[in-house]
């Protein structure tokens, strides 16, 4: 018994030592200063130097808070609109913008250089949301596979229902995935309210594979990333080929630019923000050239501000689509749930 | 029988304070947020959801896959529990560490491994069941093995010498004695499987859905709070029913046992016992397949083998993370340390209250209340935090401490489940003898209860630590970018294109396995010196 008590004491001392040595968050505290909280999604990434320079110049301490994917972010903002979880939000996309606007999540702010943002990206005449970047969800192909199998590369959405592309396409589900939802909207735009379901019937007949998330589709089933999968056609982004470049500068994959759907990501000052002035400066920062220039490398999207140069490799392997599809945000908000339900009945019923 | 000598008579205040601490924590960090978010959704639409036959198909599938997974986990876990408890062999420490590793792996990674291994690309119920079982074998092996190693072997031997077959001795002597631990394991595994999220999503291909995945989709993607509330209520009801069944099973099983030192009960297997050892070996191989697969994945690149992922561990994956892989490992350890001491404190206080409560009904109600967090969706809790905790002082809603709080909610019931059967099975005669020798009630607790259950408490602390290391749902929701843990880092990395991000994700996963195995090995080292306790 005494040996046991002795051991217990040692264990107790050890526990105190562990806690005291900083292996604990008890006692960890925020440093003071003017903190501004930026609420964003999981895909947000920024060059450390660029953010640090902004913090130095502005005297602000930017705290980043992530809230899941773009859909989760929008819904968290709506849920907490009476006691916002931050001062400024970035990453609400065109699919969910209407919901946040209807619910009064954002307050108007017109940044200095908002004139440099193409009008086609604007979603709100009251300037509660400002476009920061533009992404394109597109069908991607593994070029090597098509060369090796001597099959012509597909170019359009319609091609994917042709027998020669049978069993080659994998797409994340619109029920569980953001790019998957964008692709559903893409097909609604391309084939209309009456035609999209026929198109999907064609995809199903052509043995399309539906995965829950983009990760399984792109990282596991697609043959063009890491070369492990068995499907050479996948739904991803216009920018994905830049992540698959080889040492000689060419990319193993290519985005089919006729199949793209545009998603604009917005930033805005939250209504009821505790630091509204600082929040406005963060929006300015997101539209600054230094931030816009690093958007491609860090978030795989195109800058929204006009004439910001993209990296040389981007113009070569990932040019932006000229005329991507896009649906009116209010229509998306109104119909989204019905389309998803119809898709579910059709494809997974 | 378990409460004939209880602290409540002598020290009602102490027990009362302990109860207030435990229930207070549960109230603030569980009941209040959950009730608040359910309250937002109640009213319109709930009736429609309940009237929809699709809802009931969802309930049936949820319970069915959980029951099947529990059976598989039990069948696979029992041979391992036997080997851990009864077989004298070298390397048992390593074995215990190895079977614990699956428990902490991120579900997205395990899901993808099973998806590839079983060819389950289009959604496969069998793969869901196997993957759920894969995660929970450790729960069965550890919970049951813990009690088994303390059972007096001589009772079985007596039955054998009286002519009972090995099987008969097992079913009529050992199994009844193990019932409290079996009941605990089944309850916990069933709850884990019925709220399994990532596995169902990945291996169900979006086609197979459970209450948990549907609550997530309705809450996070559709903001259909009334639909989510209706489904959450159903989930809660199912959990309560499962807990009541488990409590009834336990009530019939719990009794005073002659607990023995574990080293006394292990020996070299004889005759047919080797069959069980072989079965345990087969289970172990099954557990290793997905683990080996993901280690292989971490070193395979476009053009053959590569260490690029491991070399990148000191970096942030091209800005995908705010911290490096190594820092994420430190975050994991810090968070888990906090969660462990919190859950150990709560778990021991709760166990003390539970053995002291004289009324069986109140003890069981409190016991069930402690288990509820295992059966509630992480996203329900997370959204509940968002709308409630801002009214508390100290910016708790965005504090890094919120992560260990949430993890402690999940670890505490597991600790109670492991400690309580042992404490309850302690012979009251020992307590009486100590009291007779002049020990006060607290001293009795210390010298008898704590001393006899010290091994289990330590094992429970280690398991709580492991639970915290592997927790994903609540952590990914609550962790700030600079305090993300290893499982969250894996998920974030996998969400980005590029071969290097993939390799780094799998390298982070391997790091998580190494950290887990080391923690288990250290805990095992601490356990050995307590051999003189009896």
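The values are calculated or read from the model by the stated rules, or taken from the named source; none is laboratory data. Keep in mind that this is a model prediction, so the values were computed, not measured. All Cβ positions, glycine included, derive from the backbone under ideal geometry; neighbour counts span all protein chains shown.
So here's what we get for this one:
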{"quantity": "Residue match in the stretch B:47-56 (condition: buried (at least 16 other Cβ atoms within 10 Å of the Cβ) and under 26 Å from residue B:373 (Cα atoms))", "calculated": "yes"}
{"quantity": "Index of the failed condition, residue B:367 passing every other in (1) closer than 30 Å to residue B:215 by Cα; (2) in contact with a helix residue (DSSP H, G or I) (Cβ under 9 Å, 6 or more places away or on another chain); (3) without any contact (Cβ under 8 Å) to a residue 12 or more places away in the chain", "calculated": "(3)"}
{"quantity": "Residues of the stretch A:100-123 classified as in a loop (DSSP other than H, G, I, E, B) and buried (at least 17 other Cβ atoms within 10 Å of the Cβ), total", "calculated": "5"}
{"quantity": "Wholly within the stretch A:124-213, strands (runs of 3 or more DSSP E) carrying at least 2 residues that are closer than 30 Å to residue A:269 by Cβ, in contact with a strand residue (DSSP E or B) (Cβ under 8 Å, 6 or more places away or on another chain) and within 14 Å of chain B (Cβ to nearest Cβ)", "calculated": "A:130-142"}
{"quantity": "Which listed residue is out of contact with any strand residue (DSSP E or B) (no Cβ under 7 Å at 6 or more places or on another chain), modelled with pLDDT under 85, buried (at least 23 other Cβ atoms within 10 Å of the Cβ) and part of a helix (DSSP H, G or I), from B:421, B:413, B:404, B:373", "calculated": "B:421"}
{"quantity": "Complete set of residues in the stretch A:86-99 that are in a loop (DSSP other than H, G, I, E, B) and over 19 Å from residue A:66 (Cβ atoms)", "calculated": "A:94"}
{"quantity": "Matching residues, the stretch B:158-194, being at pLDDT 85 or above and within 12 Å of the chain's Cα centre (by Cα)", "calculated": "B:185, B:186, B:187, B:188, B:189, B:190, B:191, B:192, B:193"}
{"quantity": "Checklist (1) more than 8 Å from every other protein chain (Cβ to nearest Cβ); (2) in contact (Cβ under 8 Å) with a residue 24 or more places away in the chain; (3) not in a strand (DSSP E or B) applied to residue A:78, failing item", "calculated": "(1)"}
{"quantity": "Positions within the stretch B:87-116 being touching a strand residue (DSSP E or B) at 6+ places or on another chain (Cβ under 9 Å) and crowded, with 23+ Cβ neighbours inside 10 Å, in sequence order", "calculated": "B:115"}
{"quantity": "Failed item, numbered, when residue A:262 is tested on (1) within 18 Å of residue A:63 (Cα to Cα); (2) surrounded by 22 or more Cβ atoms within 10 Å (Cβ to Cβ)", "calculated": "(1)"}
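Yes/no per residue for (1) farther than 30 Å from residue A:174 by Cβ; (2) outside the structural domain of residue A:115 (by TED's automatic domain parsing); (3) modelled with pLDDT of 95 or more:
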site: A:247; (1), (2), (3): yes, yes, no
site: A:272; (1), (2), (3): yes, no, no
site: A:288; (1), (2), (3): yes, no, yes
site: A:313; (1), (2), (3): yes, no, no
site: A:322; (1), (2), (3): no, yes, no
site: A:330; (1), (2), (3): no, yes, no
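Residue-by-condition table, conditions (1) away from every other protein chain (no Cβ under 11 Å); (2) surrounded by fewer than 18 Cβ atoms within 10 Å (Cβ to Cβ); (3) in contact (Cβ under 8 Å) with a residue 40 or more places away in the chain; (4) in a helix (DSSP H, G or I):
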{"position": "B:316", "(1), (2), (3), (4)": "no, no, no, no"}
{"position": "B:321", "(1), (2), (3), (4)": "no, no, yes, no"}
{"position": "B:342", "(1), (2), (3), (4)": "no, no, yes, yes"}
{"position": "B:347", "(1), (2), (3), (4)": "yes, no, yes, yes"}
{"position": "B:352", "(1), (2), (3), (4)": "yes, no, yes, yes"}
{"position": "B:362", "(1), (2), (3), (4)": "yes, yes, no, yes"}
{"position": "B:379", "(1), (2), (3), (4)": "no, no, yes, yes"}
{"position": "B:385", "(1), (2), (3), (4)": "no, no, yes, yes"}
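Conditions (1) more than 26 Å from the chain's Cα centre (by Cα); (2) at pLDDT 75 or above, marked per residue:
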residue	(1), (2)
B:494	no, yes
B:500	yes, yes
B:512	no, yes
B:516	no, yes
B:528	no, no
